[in-house]
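Inspection log for the structure reproduced underneath, given as structure tokens.
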Amino acid sequence: MGLNTNELIASVFNAFNHNCTITDIEEFSSGHINDTYFISTAEGQQFVLQRINDEVFNNVEELVNNKVKVSKHLAAKIPELDTEEKYRRVLTFLPAKTGAYYYQDAFNKYWNLTYYIAKSVSFDTVTNKEIAYEGGKLFGKFISQTSDFDACQLVEIIPGFHDVPRRLLQFEQAKKNASAMRLECAAYQIEKVAALQEEMVLLQQLKDEGKIPTRVTHNDTKISNALFDANNKGLCVIDTDTVMPGIVHNDFGDAIRTICNTAEEDQKDLSLVSFNVDYYEAYLKGFLEELRDSLSEVEIQFLPLGAKTIIFIMGLRFLTDYLAGDVYYKTSYDEHNLDRAKNQFKLIESFEDQYNEILKLSKSIVKVKQL
Ligand code: GN1
Ligand code: MG
């Protein structure tokens, strides 16, 4: 990173309200959208400074408002904890010296600052059931603790974020404008979209018909957005950029998509990609332990479809971006988005191969609820 970038970051950091002196800056490379920096200070306090991508998010002030409101709501749920522990359980935003929870730099770019959550670990892939179970509890708790927060107070930051018919329209548009070469390379995945789409619009229909309720949902519950403590117990949900009104299936599904994939989402060697049903069971158990009483039977019944739909949506979005010429997600090489799409469609095939087993798990849980 060049000196100018560091100077810019330091000046942005100093525009926020804290009494710390910056000593070191390190870039985190994991997100696909924002730029994220880890800040160390002479006082020992560590921070996470983020430049928000204003092409993806065109209403950054509302986005920050959403995040801060939800964080304050969650912090109010744990009055018994001391401040230090509270900061480890809930993402805490710091205001800028202007009083706003964001800062706009000289290039009109928006930034926000949070405390770094100390003594925490995160996972890109899961290798044991315990993490899957704890992840289920953590994301389940996020939904249960926000269930008394009026979702209407949140702005729909990316309209139709998980709306399959809308995503399909974007895909059709990208297909029309795509190069012949990219269309050819993606031919198999394009066929998969056509084969799956009828089933994949069902959840949106149920939502539109009011058969599935709208709640506060996180909408980016990939397992790397869950932090765990040194004993692998769930600690804190991070990256609340997309917190908005949604259905429970979004959060269930995106966690399952990443927990049950035996490989990372851009693994090119598809023989390594398969769906781990044991982790599905462990996650489902943890998730329902926190949420079961507040979910309707219809919500529980459609959880497996929720998982399949979210895997499909991600495959579709990566594919759409590939066809559109890589305009949305950060990519490290030419075929990166195509590799991500191939990975997700392979995961769906493995999910389908084990569908009966997955359905049985959900059914046995619904039965237990009825007893
Ligand atoms: C994006 O930037 P990141 O990694 O938090 C995307 C999510 C996808 C995810 C796939 C606003 O999230 O929807 O699930 O990549 N966020 C947005 O890894 O599009
Ligand atoms: Mg995100």
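Taking the stretch 253-295 as the range and being polar (S, T, N, Q), surrounded by fewer than 24 Cβ atoms within 10 Å (Cβ to Cβ) and either within 16 Å of ligand 2 (Cβ to nearest atom) or modelled with pLDDT under 95 (or both) as the test, only Ser294 passes. Checked against the criterion of being surrounded by fewer than 24 Cβ atoms within 10 Å (Cβ to Cβ) and polar (S, T, N, Q), the candidates Asn219, Asn250 yield just one match: Asn219. Selection of first residues in the stretch 20-34 that are farther than 24 Å from Gly44 by Cβ and of second residues that are part of a strand (DSSP E or B), restricted to Cβ pairs under 7 Å at least 6 apart or on distinct chains, gives the following pairs, ordered by first then second residue: Asn34/Gln50; Asn34/Arg51; Asn34/Ile52. Within the stretch 190-203, the only residue that satisfies the criterion of being buried (at least 21 other Cβ atoms within 10 Å of the Cβ) and not hydrophobic (A, V, I, L, M, F, W, C) is Lys192. Of the strands (runs of 3 or more DSSP E) that lie entirely inside the stretch 1-114, those containing 2 or more residues that are crowded, with 17+ Cβ neighbours inside 10 Å and within 16 Å of ligand 1 (Cβ to nearest atom) span 35-41, 46-52. Within the stretch 125-157, which residues are closer than 18 Å to Ala76 by Cα, in contact (Cβ under 8 Å) with a residue 60 or more places away in the chain and not in a helix (DSSP H, G or I)? Answer for the stretch 125-157, where residues must be closer than 18 Å to Ala76 by Cα, in contact (Cβ under 8 Å) with a residue 60 or more places away in the chain and not in a helix (DSSP H, G or I): Thr146, Ser147, Phe149, Leu154.
Do any residues in the stretch 73-97 that are closer than 16 Å to Asp241 by Cα have Cβ atoms under 7 Å from those of residues that are outside any loop (DSSP other than H, G, I, E, B) and of a type in the set (Phe, Trp, Tyr), where the two are at least six apart or on different chains, and which pairs are they? Cβ pairs passing all conditions: Thr92/Tyr115; Leu94/Phe16. Taking Asn232 as the residue in question, decide whether it is in contact (Cβ under 8 Å) with a residue 40 or more places away in the chain and either buried (at least 18 other Cβ atoms within 10 Å of the Cβ) or over 30 Å from Lys72 (Cβ atoms) (or both). Criteria not met by Asn232. Evaluating Ala195 against the criteria (1) within 20 Å of Lys67 (Cα to Cα); (2) away from ligand 1 (no atom under 16 Å from the Cβ); (3) of a type outside the set (D, E, K, R) leaves one unmet condition, (1).
When Glu199, Glu172, Glu209 are screened for being within 27 Å of Asp334 (Cβ to Cβ) and away from ligand 2 (no atom under 16 Å from the Cβ), only Glu172 passes. On the stretch given as the stretch 228-241, residues that are farther than 13 Å from Lys141 by Cβ and within 16 Å of ligand 2 (Cβ to nearest atom) total 4. Taking the criterion of being within 21 Å of Ile311 (Cβ to Cβ), aliphatic (A, V, I, L, M) and within 16 Å of ligand 1 (Cβ to nearest atom), would at least one residue in the stretch 172-188 satisfy it? Checked against the condition, which is being within 21 Å of Ile311 (Cβ to Cβ), aliphatic (A, V, I, L, M) and within 16 Å of ligand 1 (Cβ to nearest atom), the stretch 172-188 yields at least one hit.
Quick check on Val64: is it in contact (Cβ under 8 Å) with a residue 12 or more places away in the chain and within 16 Å of ligand 2 (Cβ to nearest atom)? So Val64 fits the description; yes.
Yes or no, residue by residue, for (1) touching a helix residue (DSSP H, G or I) at 6+ places or on another chain (Cβ under 9 Å); (2) under 24 Å from Ser29 (Cβ atoms):
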| site | (1), (2) |
| --- | --- |
| Arg89 | yes, no |
| Leu94 | no, yes |
| Thr98 | no, no |
| Tyr101 | yes, no |
| Gln104 | yes, no |
| Phe123 | yes, yes |
| Thr127 | no, yes |
| Ala132 | yes, no |
| Lys137 | yes, no |
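The set of residues in the stretch 216-227 that are more than 14 Å from Asn66 (Cα to Cα) and more than 12 Å from ligand 1 (Cβ to nearest atom) comprises Ala226, Leu227.
Going residue by residue through the stretch 158-167, is there one that turns out to be part of a loop (DSSP other than H, G, I, E, B), within 16 Å of ligand 1 (Cβ to nearest atom), at pLDDT 95 or above and touching a Gly at 6+ places or on another chain (Cβ under 7 Å)? Checked the stretch 158-167: at least one residue is part of a loop (DSSP other than H, G, I, E, B), within 16 Å of ligand 1 (Cβ to nearest atom), at pLDDT 95 or above and touching a Gly at 6+ places or on another chain (Cβ under 7 Å).
The values are calculated or read from the model by the stated rules, or taken from the named source; none is laboratory data. All figures in this text were calculated on a predicted structure; none of them were measured in a lab. Methodologically, a virtual Cβ is constructed for each residue, glycine included, from the backbone with ideal geometry; neighbour enumeration extends over all protein chains shown.
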